[in-house]
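Presented below is the structure to which this report refers.
Coordinate-derived values only; no laboratory data. Note that the structure is predicted; figures quoted are calculated from it, not measured. Positions of Cβ are generated from backbone atoms using ideal geometry, with glycine treated the same way; all protein chains shown enter the neighbour counts.
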Number of protein chains: 2
Amino acid sequence: MAVTLRDVAQRAGVSIKTVSNVVHKRQYVKDSTRDIVQAAIDELGYRPNLSARSLRSGRSGVIGLALPEVRLPYFAELADSVITEAKQRGHTVLIEQTGAEPAAERELLRSPRLQLTDGLIFSPLALSQSDVGLLEVDYPLVTLGERIFDGPCDHVVMDNVAAARAATEHLLEAGCRRIAVIGAHEGEDQGSAALRLRGHQEALDAAGMPRDDRLVGYVGLWHRQDGADAMRRLLASGVEVDGVFGMNDTLALGALRALQDAGLAVPEGVKVIGFDDLEETRYTSPTLSSVDPGRMEIARTAVRVLVERIEERLAGETPAPRRQYTTSYRVVPRESTAG
Amino acid sequence: MAVTLRDVAQRAGVSIKTVSNVVHKRQYVKDSTRDIVQAAIDELGYRPNLSARSLRSGRSGVIGLALPEVRLPYFAELADSVITEAKQRGHTVLIEQTGAEPAAERELLRSPRLQLTDGLIFSPLALSQSDVGLLEVDYPLVTLGERIFDGPCDHVVMDNVAAARAATEHLLEAGCRRIAVIGAHEGEDQGSAALRLRGHQEALDAAGMPRDDRLVGYVGLWHRQDGADAMRRLLASGVEVDGVFGMNDTLALGALRALQDAGLAVPEGVKVIGFDDLEETRYTSPTLSSVDPGRMEIARTAVRVLVERIEERLAGETPAPRRQYTTSYRVVPRESTAG
DNA sequence: TTGAAAGCGCTAACAC
DNA sequence: GTGTTAGCGCTTTCAA
């Protein structure tokens, strides 16, 4: 049924090797031979069997991308960037969702499902520093984010502390004095939540402002609902608020909604800034100030580094030392912190 | 380097076949043998080579999902549902982005990149009925959406005309008399835009309301910016509007923003309804009424049908006739059409 | 410049 | 219950 190299060779009256040479556009094929073979390929509609090629050559042209959930806008935009960048480099992307489940994240790394993948870009959300040993795998791996540092693999990360600090500084400059922060994780001292909280507090400290635990909104996840709920609890507690730093845009948008429901005007009464610079922040009402985490740069770096590792491995070279790549960020002021 | 069945067999002192039987949890293996083999598997850290399995068995356990862009919220949510459903059935998902480019969509179907995929779920946005011949492929294929009907493959679709009609009826019931529709494609008589426009017009006709072309907002794409731009043009033209049907939620949210910028109150002055029931419609201000297109049902049906086709094919059965599956929709009233 | 042939790791007849 | 073995389609030495 499927057309194989052999069929093409037979049709063209040449050997398998010659057909293979033509398919791979290698030199050392006489033009006349190439034409004949190409004609046979077209007539028969030959398409290479990638499983066979992959078995033989040890590379499939597929890279894995493991993330919590694609429907979360940040990860959707990240996945888009990774897919686009991978395509650029001749790779396709297979997506694994972990649902931010610790067990799923741990199993993922040993999953046979990744076996036809040349390498993995992994954005953990539940693993912690103590799981660093799990990252010791026998395939190229690039991790993203703030869960694990100094692992045995390349790592692409942004400076969360500095970026969060910049967000809170932006609110301070806009005149806020009672700044709530939404998205903290109770009792956690690592991961994005802890780092962004630290940046927030550094900004307060530097400005000589008191830290007030009543202004810290703790949440379980970073979805819209969590942001709205945390904001409502804060408002219900009666604490005074004139600025809100949402640790990501969905939290900030949930909080924004809760503020408006409570009859508070944004930005007149309360100013709000988020984090991620999602496309939708440009269209909400008011538009949402945010921190652009350099998503494109993260995706581009991760894919580039992974592909380099894949090629290094295939060439049998001694692996270069693992590196950490820090990408840049940028505060994007919009209406929600204006005036 | 990589541990193979042979290595495990050697270590356990049995044959390759027995190891294979254990791996596949087949019967006819003595418990004691199974234990020895399992121990060898664990010790050596054996993981099956999926390329080899795939080459041999003709199935990779991977299904392709081709869509315009995952960063568009509707497709992000669809991808999430497809991945979740596929995982349920033991498959992983490889994503191809077409960018809604006609050339990319056409090439995709013949792309060798799909070769290590067992089948494809394809959501075209640029193909049209005249491309129906391209859908004649030699692998299992399920198409989604409104671009092509009566193709040579299974097709999952919702009743766009009825759903759009329901949306406009909802506005009429809320008292709207001058209803704009945002998202039409100039000169197109097929695809979602044309079908939803027809549903909208049917609702007007049934209510004895005039069709007014000045109330039709034409756009290029269905992004937020397009919705905002179209709404601004409509308002600038001076035409009176008291209701807006956005052909999808992002268009509607863009339009919402433009209305608010123009000082019009929603829902008091103008009521707005979208289409897709994105998660974010529950958190915007005001929350956005929408039409739930049964995304989960679409994903579930598409994956189920595709997997059935894959198995049918593997079993060498005569293919059952191709079918069209129509999923259900539901109007979801929220604040933007209240009152 | 082209051909012959080995073998990547696995599955599934078919033997025993 | 378990072992032997022939390929799946391809890449790649090695020879010619």
Notebook entry, point to check: Which of A:P112, B:V3, B:M209 sits farthest toward the positive end of the charge dipole of the protein assembly as shown, with +1 on the Cβ of Lys and Arg and -1 on the Cβ of Asp and Glu?
Noted result: B:V3
Next item on the list: Report the extension gain between B:L44 and B:D31 in nm, rounded to one decimal, defined as 0.36 nm multiplied by the number of residues separating them, less their alpha carbon distance.
Entry: 2.7 nm
Margin query: If you average 1/r across every pair of different Cα atoms in the protein assembly as shown and take the reciprocal, what Kirkwood value do you get, in Å?
Written below: 27.4
Item checked: Low-density loop positions, trypsin sites (Lys or Arg not before Pro), segment B:1-54 - DSSP coil, at most 14 other Cβ in 10 Å -> B:K25, B:R26, B:K30
Notebook entry, point to check: For segment A:291-339, rounded, prolate or oblate, judged on the Cα gyration tensor with a ≥ b ≥ c (square roots of eigenvalues), a/c < 1.5 rounded, else prolate if a/b > b/c?
Noted result: prolate
Check: Sequence-distant or interchain residues sharing an amide H contact under 5 Å with A:K271, placed H: which?
Finding: A:G243, A:V244
Notebook entry, point to check: Counting only DSSP beta bridges with both residues in chain B, what percent are antiparallel, rounded to the nearest 5?
Noted result: 10
Margin query: At 7 angstrom along the Cα-to-beta-carbon line, where would the label on B:Q38 sit relative to the other copies? Give the distances in nm, shortest first.
Written below: 5.7
Notebook entry, point to check: Please state the relative contact order of segment A:141-230 as a whole percent: Cα pairs under 8 Å, 6+ residues apart?
Noted result: 30
Next item on the list: Have a look at the DSSP beta bridges in the protein assembly as shown and tell me what percent are antiparallel, nearest 5.
Entry: 15
Next item on the list: Taking only Cα atoms and a 10 Å spring cutoff, compute GNM fluctuations for chain B and point out the largest among B:Q129, B:Q38, B:Q190.
Entry: B:Q38
Check: For B:S123, B:S32, what's the fewest-to-most ordering of other Cβ within 10 Å of each Cβ?
Finding: B:S32, B:S123
Next item on the list: Name the long-range amide H neighbours of B:V3: under 5 Å, sequence gap of 5 or more, or other chain; modelled H, no Pro or chain starts.
Entry: B:R47
Notebook entry, point to check: For A:A66, which sequence-distant residues (separation of 5 or more, or a different chain) have an amide H within less than 5 Å of its own amide H, given hydrogens modelled in the peptide plane?
Noted result: A:E96, A:I121, A:F122, A:S123
Notebook entry, point to check: Using unit Cβ charges (K, R positive; D, E negative) and no other charged atoms, how large, in debye to the nearest 20, is the dipole of the protein assembly as shown about its Cα centre?
Noted result: 2320
Margin query: Using the crude model of +1 on Lys and Arg Cβ and -1 on Asp and Glu Cβ, and no other charge, please compute the dipole size for segment A:160-292 relative to its Cα centre, in debye to 20.
Written below: 280
Next item on the list: Return B:S289, A:S128 ranked ascending by Cβ neighbour count within 10 Å, so the fewest neighbours appear first.
Entry: A:S128, B:S289
Next item on the list: State the Kirkwood hydrodynamic radius of chain A in Å, one decimal place, computed from all pairs of distinct Cα atoms.
Entry: 22.5
Item checked: Percentage relative contact order, segment B:160-292, counting C-alpha pairs under 8 Å, at least six apart -> 26
Item checked: Under Karplus coefficients 6.51, -1.76 and 1.60, residue-wise ³J(HN,Hα) of segment A:69-74 in Hz, glycine/proline x -> 8, 5, 6, 6, x, 4
Checklist line | Cα lying deepest toward the dipole's positive end in segment A:166-249, options A:L234, A:V244, A:L197, charges on Cβ | finding: A:L234
Note to self: So if I average 1/r over every pair of distinct C-alpha atoms in segment A:160-292 and take the inverse, what Kirkwood radius in Å does that give?
What the structure shows: 14.1
Notebook entry, point to check: Which trypsin sites (Lys or Arg not before Pro) from segment B:203-254 combine a DSSP loop assignment with at most 15 other Cβ atoms within 10 Å?
Noted result: B:R211
Checklist line | Cleavage-rule hits, GluC sites (Glu not before Pro), segment B:154-212, DSSP coil, Cβ neighbours within 10 Å at most 16 | finding: B:E186, B:E188
Margin query: Explain nothing, just the number: dipole magnitude of segment A:5-48 about its Cα centre with +1 on each Lys and Arg Cβ and -1 on each Asp and Glu Cβ, in debye rounded to the nearest 20.
Written below: 220
Item checked: Value of [θ]222 nm, deg cm²/dmol, for the protein assembly as shown, DSSP H segments ≥ 4, -39500 (n - 2.57) each, nearest 500 -> -12500 deg cm²/dmol
Margin query: Below 8 Å, C-alpha to C-alpha, sequence gap of six or more: please give me the relative contact order for segment B:9-150 in percent.
Written below: 21
Notebook entry, point to check: By the gyration tensor of its Cα atoms, with a ≥ b ≥ c the square roots of the eigenvalues, what is the shape of segment B:176-248: rounded for a/c under 1.5, prolate for a/b over b/c, or oblate?
Noted result: oblate
Checklist line | Hz values of 3J(HN,Hα) by residue in segment B:116-122 - Karplus curve (6.51, -1.76, 1.60), Gly and Pro given as x | finding: 9, 10, 7, x, 9, 9, 10
Next item on the list: Could you go through segment B:106-115 in sequence order and give the Karplus-derived ³J(HN,Hα) for each residue, using 6.51 cos²θ - 1.76 cosθ + 1.60 with θ = phi - 60°, rounded to whole Hz, and x for Gly and Pro?
Entry: 5, 5, 3, 4, 9, 5, x, 4, 8, 5
Next item on the list: Compute the Rg/Rh shape ratio of segment A:5-48: radius of gyration over Kirkwood radius, all on alpha-carbon atoms.
Entry: 0.90
